[in-house]
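First up is the structure itself, then whatever we jot down about it.
The values are calculated or read from the model by the stated rules, or taken from the named source; none is laboratory data. Everything numeric here is computed off the predicted structure, so don't read it as measured data. Don't worry about glycine lacking a Cβ; one is built from the backbone with ideal geometry, like all the others, and counts go over all protein chains shown. Calculation scope for accessible area: heavy atoms of the full protein, side chains included, ligands and nucleic acids excluded. Shrake-Rupley method; radii C 1.70, N 1.55, O 1.52, S 1.80 Å.
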Amino acid sequence: MSLWPQLLSDASLGYRDWCDHWKQCVWFFRGKGMSVSQGEEVLLEATHTETSVSYNLNVQVPKTDTRQHDHNVRDFQLLLSPERIAIYGDSKWRSSVLAAVRNALQGRVNPLCVVVDDSIFLTLLAANLSKTSHVLSLFPGLREKGAQYLENVVKANGFSMDRVEVPEKRKPCLTLLDTHGKKVDMLIGEPFYYANEGMLPWQNLRFWKDCTLLDPVLSEDVLIMPCKGILKACAMSLPDLWSSRCCLGDVEGFDHSIVNNTLGACGELPAPKEGPFLPFSIWQCGEIKELSEIFTILEFDFSKPISSCHGTAQVKFTEGGTCHGFVLWVDWIMDTDNSIVISTGPEHRYWKQGVKLLSKPVAVGINGCNSNSEYGSTMVEALFEPSSSELILKHAFL
């Protein structure tokens, strides 16, 4: 069931896939839903607190008791984003992760596997694929709620909690006391951090930081999954998104420029100011067009301690048009053979990318300049600073 306020949608203005402004609330029935017949009356009751709204559905059946579906019960309920739910429901993603974990477990006897992120999926997968494994899940964001949910899923599926463990207290790093004197054989993550949902892609490089902190308890032949991250980018035309992020100035006689920083304004910024990176699902940003080939800027090797990374790339434009900025994302390399790659790029609708909009759009052409006002290539320079988890991007059109 979908609920929404009676507001003008951008869809009425003719923008295809333009979903930036208005969002709806989708409320799912429990289980497999509820059967209704034509002519039946459905009573939807809504109650609210200061911070939330809950629903209760009654179907009036003549001369019988009312069928009631109370959706206020929240025991062991995990509130995940629609994108995260869709990822878990994607068979291709599940098959890739399943293959990576199965390959990692081959030949390992009684392995100690640490899940460093908030992935209940990986916890259950590792415990199910290896009947002799011991799985230690840190759940840094889910904590007790994740442990409760995991316990119920384990019971429902006939696993033993003896092989699955969640530390009672949050710790910045583990010691051999926490691992019962055993070195860690596998260190894995999706990576998925509950508090990072909807944030910039490289903020999941927290996984790399966690790997470094856990180095004292890792075995010499520890397997880390994913083993690498690759920062990809593409120059794109994004007219609708750029227009929606232009700076505010004088509106009806009032100066609104003071809110530009708060709103993350990018377009028409006065030099030398630059707009921030913005997290967006590019497919929802109206009119879009790739102007260059997808190129690699940085590579992150999780088998080494976390460190600053610097990279440059010069890319020729493959399409003519107006460049409004760069779109960046991380491809996760799940195995040492580079055969299993999980991409979070624009063609995959479940992920958000990082967008760096230009202060002013730039006209570009193919294979060099078609005129004095068009550029044929661009030089992009990137620096990742682990202390702040920030990415600095500089560019020059050539």
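Positive contributions from Lys and Arg (+1) and negative ones from Asp and Glu (-1), summed over other residues with Cβ under 14 Å from the Cβ of Arg102, come out at +1.
For segment 82-225, the Cα gyration tensor yields ellipsoid semi-axes of 21, 18, 16 Å (square root of five times each eigenvalue, largest first, whole Å). Among the listed values [x] 19.0; [y] 25.8; [z] 21.5, the one computed from these coordinates for mean projected area of the Cα convex hull in nm² is [y]. Computed over every Cα-Cα pair of segment 108-159 and binned at 10 Å starting from 0, the pair-distance distribution P(r) comes out as 26, 57, 17, 0 percent.
Cα-based radius of gyration for segment 111-193, normalised by 2.2 N^0.38 Å, reads 0.98. What lysines sit close enough to Lys394 to cross-link, taking a C-alpha to C-alpha distance under 20 Å and skipping anything fewer than 8 places away on the same chain? By straight Cα distance, Lys394 reaches Lys232, Lys273, Lys316, Lys356, Lys360.
The accessible surface of the chain, taken with every protein chain in place and a 1.4 Å probe, is 52 percent carbon and sulfur. Computed over segment 298-398, the P(r) tail beyond 22 angstrom holds 44 percent of alpha carbon pairs. Cα centroid separation, segment 228-256 to segment 271-310: 15 Å.
Taking a sphere under 14 Å around the Cβ of Ser388 and counting the other residues whose Cβ falls inside, with K and R at +1 and D and E at -1, yields a net charge of 0.
For a straight C-alpha distance cut-off of 12 angstrom, the aspartates and glutamates reachable from Lys209 (same-chain residues fewer than eight places away being disregarded) are Asp117, Asp301, Glu385. Positive contributions from Lys and Arg (+1) and negative ones from Asp and Glu (-1), summed over other residues with Cβ under 12 Å from the Cβ of Gly345, come out at 0.
Computed with a 1.4 Å probe over protein heavy atoms only, the accessible surface of segment 139-243 comes to 46 Å² per residue. Whole-Å semi-axes of segment 229-397's equivalent ellipsoid, largest first, each the root of 5 times a Cα gyration tensor eigenvalue? After diagonalising the Cα gyration tensor, the semi-axes are 28, 20, 16 Å.
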